[in-house]
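Data block below; observations after.
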2 protein chains.
Amino acid sequence: MRKDRLLLAATLTVIFSADIYFILLPKLHRARHSCPCRHGNFSLSSHISSWTFIPLQDTTPSEADNVGSKLDRLFAHPLYNIQAPVLGPEERLLQVEQLMDYYRKKVSRWERHMKLYSEAAAASNITVVEHDVAFDPDASWLKFHLGISRYALYSRRDPAITQLLRDMQDMTVVNADYTQDEKALKGACDCSQVVKPSGHHLKLALKMQNFAKAMFKPMRQQRDEETPEDVFYFVDVQRHNAEIAAFHLDRILDFRRVPPVAGRWLNLTGEVLQVTRNDELRAVFFTSPANNTCFFAKCLYVCKTEYAVCGTPDLLEGSLSAYLPGLSIAPRISIPNPWIRSYSFTGREEWEMNPLYCDTIKQLYPYNSGNRLLNIIDMSIFDFLMGNMDRHHYEIFTKFGDDGFLLHLDNARGFGKHSQDEMSILAPLSQCCMIKRSTLLRLQLLAQTQFQLSDVMRESLQKDPLQPILTEPHLSALDRRLHKILRVVQRCVRRLGKDRVISSDFVKSTLKSEAKTESKKAR
Amino acid sequence: MRKDRLLLAATLTVIFSADIYFILLPKLHRARHSCPCRHGNFSLSSHISSWTFIPLQDTTPSEADNVGSKLDRLFAHPLYNIQAPVLGPEERLLQVEQLMDYYRKKVSRWERHMKLYSEAAAASNITVVEHDVAFDPDASWLKFHLGISRYALYSRRDPAITQLLRDMQDMTVVNADYTQDEKALKGACDCSQVVKPSGHHLKLALKMQNFAKAMFKPMRQQRDEETPEDVFYFVDVQRHNAEIAAFHLDRILDFRRVPPVAGRWLNLTGEVLQVTRNDELRAVFFTSPANNTCFFAKCLYVCKTEYAVCGTPDLLEGSLSAYLPGLSIAPRISIPNPWIRSYSFTGREEWEMNPLYCDTIKQLYPYNSGNRLLNIIDMSIFDFLMGNMDRHHYEIFTKFGDDGFLLHLDNARGFGKHSQDEMSILAPLSQCCMIKRSTLLRLQLLAQTQFQLSDVMRESLQKDPLQPILTEPHLSALDRRLHKILRVVQRCVRRLGKDRVISSDFVKSTLKSEAKTESKKAR
């Protein structure tokens, strides 16, 4: 009996040990590895919150803060509910009649063109699938274009943006073509430059059934691949997922300066090859040894065929960015970024050597008045968060003059390296020591654990059909970089004082009313 | 008491189940995955050995066969010890006096050139490291060149080959330059073709202290990367490890038609940049963002800078292939492979459609007599084992006329996919149903477990400083492909009979004596 008990005790000990060793420990181990590194951020957050020199409502997380959607809570926060001013005609980019007229002309030109093309195609034995197109006065892209104002590309709760994202994801493609960039080259290849910041000529312009236009950038890199450390930023591949993530990040930062971007699986045969009217585009299609449909970069055709992308067998994932209104009705100008990089192997720009570079810039038109320099600093914050070093130019709508917002176009070279924080991207902020009050407030909000940039980004990106858009290391990098931005501001404030660093960005009458509304709400 | 026993029984059952589930099963699982798949080969071997219609000595493995070096045992086998005929002057590629004369002239031209260059360099402030060079009548490369005969590039136990491999691995580099291929382009880029089978212009010609010349091909791909399935064979990257492995495979097959190749870590700064006298080569060097020394492909310079290779920070691994004697003293001709591929996206060659293609080839000069067609079949076996689809041309020394052996040059597109056996590479064998008796005997030997191609290759490649040269899946693929070759021969024999399929390849007087020696030894 005693022996049996002893044996039983020994046996139970063995079972418990086995349980601990084989079940509990591995579970703990797995849990430690899959946890998206919240611990590190907690300590950083508390470090930052001890420096909240601008008081924000509800900074201590309550129970209710940790359930439900963080993104909904973010967008419900007073900072994201500042009432927009009523827009007069001068503050809108386009007038309804003007755009409708433009649209109607486009539709009738398309119909004329299609009739002629069909006859020519039949004569040369080319089969092109013809989809019906329709003039739709309620099209989401029309509403997007009509909603562009002096302040942003779209307003915060515009249902047309949600609809436009959905349309880009699933609307029938009626035409595919090269983009204007490619066409400008006329197949000649601009080889005069060592580098071609314009990318690899694999992007396509797609037209949807309701005449929405979108630019397709195909997937070139797996989500978990990092840019090799020897690759210069200007020859890095363009990442479709970076385009998608940039739209979401820009919206979460409340800039709203990136046109809507959605992911889509494109059928290269049915949605490009069979609908294009461009013989040159048709000519770059081929079938790979693995029987997949592929197309290659036109400009590099002569020497290189590796620059091809392939479907499986026809489906290829990519990003679709909504087109802005045509230049003929909404002209834009492209201006070199004062903090442009050298785009050569050895060159260095003045800002890289001269710590007082910003003082020079501050004296120069248009950076010597208005919001332009603060807008450049906003852009550098946006780019630093993404790790995008390829911001050589920026664009503005000419209609709004020098005070217009900067468009954050072409973000495909962001999100290349999650393990590196390229501090030089922040040079405009760290050299000028200026930031908009509204931007700083939002950044501080996003650094708090009840919102947390990585969490709201993860949630926002989950809405895209190609999700997951960013890997966890890229999401964590956003939190880490956000804290680095706040630390740069902190250092500036220590050196120069709050008043010189933090600018009231609410200039002009309309913005004063915004500021009033905000302070009213904050009470 | 009873209850206790029941509990004990239950407990023990749980322990045993836990033991089986957590310890035994995972062990079994691991064992199955780590075992280098010998079982499959065993059964294949026995399948093949039941079909040994040509009796070989010592086919049953004894105890002694499984210890020590398989490679030594292979090279000690009678099949690898057929005595070579005494070579007359007409059977040697070069005569001693002729080569010494050529070498002396080269040295004095180098000295003249260097004197002039040093003056010019000093005037234009270029610092070039100058190493002493010496005329060495015992140089291993000289002995290699002198050993080239009508039958092979080197004899089986030539100590000069071992010395040449060692010299290429560690001798001081006195000069680096573009290869003649690049120079012929004169920087103009031959973009008239869609594809450039000549590769990516990253290869360099290196001159050693004793005037040995070798072609350097840098590492472009990790050992465990497989060629993506959508990539056409003709745009695949060139692999330095394939060049090294091809030399070892060719020697193990006893063809000896690949010039010696060794791996080396090259110092891009000290052994290329600082010793080159070519300004154009110097101009393609740059420092990467990660502070590594890199150089990029000259021809693609204008548009593409991604085509660069980088050291860490200076050291770059690559293959060094010994140069053959210059064309002025040992002319060669390059002849299109009758089984050439189309080198286009859609084209198909006649051999791919016409199963009777070989009948046509057999009628045509030079394939209608001598060993030429059998040599082509040898080459296809070599290429099939490596998975090399890029054999567009082959070269022969003009001195030996139509009966000379075929040079197996440029093997860098082999070993791209271990998981695929491209049967079309074997078309010359499967369509002509002919094979040299000596080749077949060696293939059968290498299929036996006491030698086993993968084992002797692994052993041979371990001697290279860059080892491991091939991953295990590539080594296993060799065994699998070898058995496929033997099965193709087996099918031919069944269909046409031994006599029509297996050719006595010992033609001409000298070879008769070889055959005699062989039969004597086999007794």
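The values are calculated or read from the model by the stated rules, or taken from the named source; none is laboratory data. Just so it is clear, the model here is predicted, and its values are computed rather than measured. Note that each Cβ is placed from the backbone with ideal geometry, even for glycine, and that neighbours are counted across all protein chains shown. Heavy atoms of the whole protein, side chains included, go into the accessibility calculation; ligands, DNA and RNA do not. Shrake-Rupley method; radii C 1.70, N 1.55, O 1.52, S 1.80 Å.
For segment B:249-258, a tally of residues being open to solvent by 10 Å² or more (accessible area, probe 1.4 Å) and either within 14 Å of chain A (Cβ to nearest Cβ) or closer than 26 Å to B:Thr227 by Cβ (or both) returns 2. Among the residues of segment B:375-412, the one identified as under 24 Å from B:Lys484 (Cβ atoms), among the hydrophobic types (A, V, I, L, M, F, W, C) and open to solvent by 10 Å² or more (accessible area, probe 1.4 Å) is B:Met389.
Taking segment A:456-485 as the range and being surrounded by 21 or more Cβ atoms within 10 Å (Cβ to Cβ) and aliphatic (A, V, I, L, M) as the test, the residues that pass are A:Val456, A:Met457, A:Leu461, A:Ile469, A:Leu470, A:Leu475, A:Ala477, A:Leu478, A:Leu482, A:Ile485.
Across segment A:246-280, the qualifying residues are those that are touching a His at 6+ places or on another chain (Cβ under 8 Å) and assigned to a helix (DSSP H, G or I), and the one among them that is nearest to A:Tyr117 (Cα to Cα) is A:Ala246. Selection over segment A:121-179 of residues that are part of a loop (DSSP other than H, G, I, E, B) and touching a strand residue (DSSP E or B) at 6+ places or on another chain (Cβ under 6 Å) gives a count of 4. The listed residues are A:Phe400, A:Phe415, and the only one of them that is modelled with pLDDT of 95 or more and among the aromatic types (Phe, Trp, Tyr) turns out to be A:Phe415.
Of the residues making up segment B:400-416, at least one is within 14 Å of chain A (Cβ to nearest Cβ) and under 16 Å from the mean Cα position of the chain (by Cα). Look at segment A:271-289: where a residue is within 14 Å of chain B (Cβ to nearest Cβ) and a partner is open to solvent by less than 10 Å² (accessible area, probe 1.4 Å) and part of a loop (DSSP other than H, G, I, E, B), sitting 6+ places away or on another chain with Cβ atoms under 7 Å, you get A:Arg282/A:Thr276. Residues being more than 23 Å from B:Asp236 (Cα to Cα) and acidic (Asp, Glu) are entirely absent from segment A:297-311. Does B:Leu496 fit the bill of being at pLDDT below 95 and open to solvent by 10 Å² or more (accessible area, probe 1.4 Å)? The answer is no for B:Leu496. The set of residues from segment B:267-298 being among the basic types (Lys, Arg) and modelled with pLDDT of 85 or more comprises B:Arg277, B:Arg282. Criterion first (at pLDDT below 90 and open to solvent by 30 Å² or more (accessible area, probe 1.4 Å)) does B:Leu202 satisfy it? So B:Leu202 does not fit the description; no.
Every test in (1) surrounded by fewer than 22 Cβ atoms within 10 Å (Cβ to Cβ); (2) of a type in the set (A, V, I, L, M, F, W, C); (3) within 14 Å of chain B (Cβ to nearest Cβ) is passed by A:Leu268 save one, and that test is (1). Within segment B:381-407, residues that are within 23 Å of B:Leu440 (Cβ to Cβ) have Cβ atoms under 6 Å from residues that are among the acidic types (Asp, Glu) and buried (at least 24 other Cβ atoms within 10 Å of the Cβ) in these pairs: B:Arg391/B:Asp383, counting only partners at least 6 apart in sequence or on another chain.
All conditions but one from (1) open to solvent by less than 60 Å² (accessible area, probe 1.4 Å); (2) away from chain A (no Cβ under 14 Å); (3) in contact with an Asp or Glu (Cβ under 8 Å, 6 or more places away or on another chain); (4) modelled with pLDDT of 95 or more apply to B:Leu320; the one that does not is (3). Does segment B:299-315 include one or more residues that are part of a helix (DSSP H, G or I), open to solvent by less than 30 Å² (accessible area, probe 1.4 Å) and either modelled with pLDDT of 90 or more or at positive phi (or both)? Scanning segment B:299-315 turns up no residue that is part of a helix (DSSP H, G or I), open to solvent by less than 30 Å² (accessible area, probe 1.4 Å) and either modelled with pLDDT of 90 or more or at positive phi (or both).
If the condition is being touching a residue at least 60 places away in the same chain (Cβ under 8 Å) and open to solvent by 70 Å² or more (accessible area, probe 1.4 Å), then segment B:343-355 contributes only B:Pro355. Within segment A:86-128, the set of residues being of a type in the set (Asp, Glu) and under 19 Å from A:Gly404 (Cβ atoms) comprises A:Glu90, A:Glu91. Report, by residue number, each residue of segment B:224-236 that is part of a loop (DSSP other than H, G, I, E, B) and open to solvent by 30 Å² or more (accessible area, probe 1.4 Å). Selection gives B:Asp224, B:Glu225, B:Glu226, B:Pro228, B:Glu229, B:Asp230, B:Val231.
Within segment A:94-116, residues that are closer than 12 Å to A:Phe211 by Cα have Cβ atoms under 7 Å from residues that are in a helix (DSSP H, G or I) in these pairs: A:Tyr103/A:Leu142, counting only partners at least 6 apart in sequence or on another chain. Restricting segment B:77-97 to residues that are open to solvent by 40 Å² or more (accessible area, probe 1.4 Å) and of a type in the set (A, V, I, L, M), the residue that is nearest to the chain's Cα centre (by Cα) is B:Ala84. Only one of B:Ile361, B:Ile340 is aliphatic (A, V, I, L, M) and either free of Cβ contacts under 8 Å to residues at least 24 places away in the same chain or open to solvent by 30 Å² or more (accessible area, probe 1.4 Å) (or both); which? Only one candidate passes the filter, namely B:Ile340.
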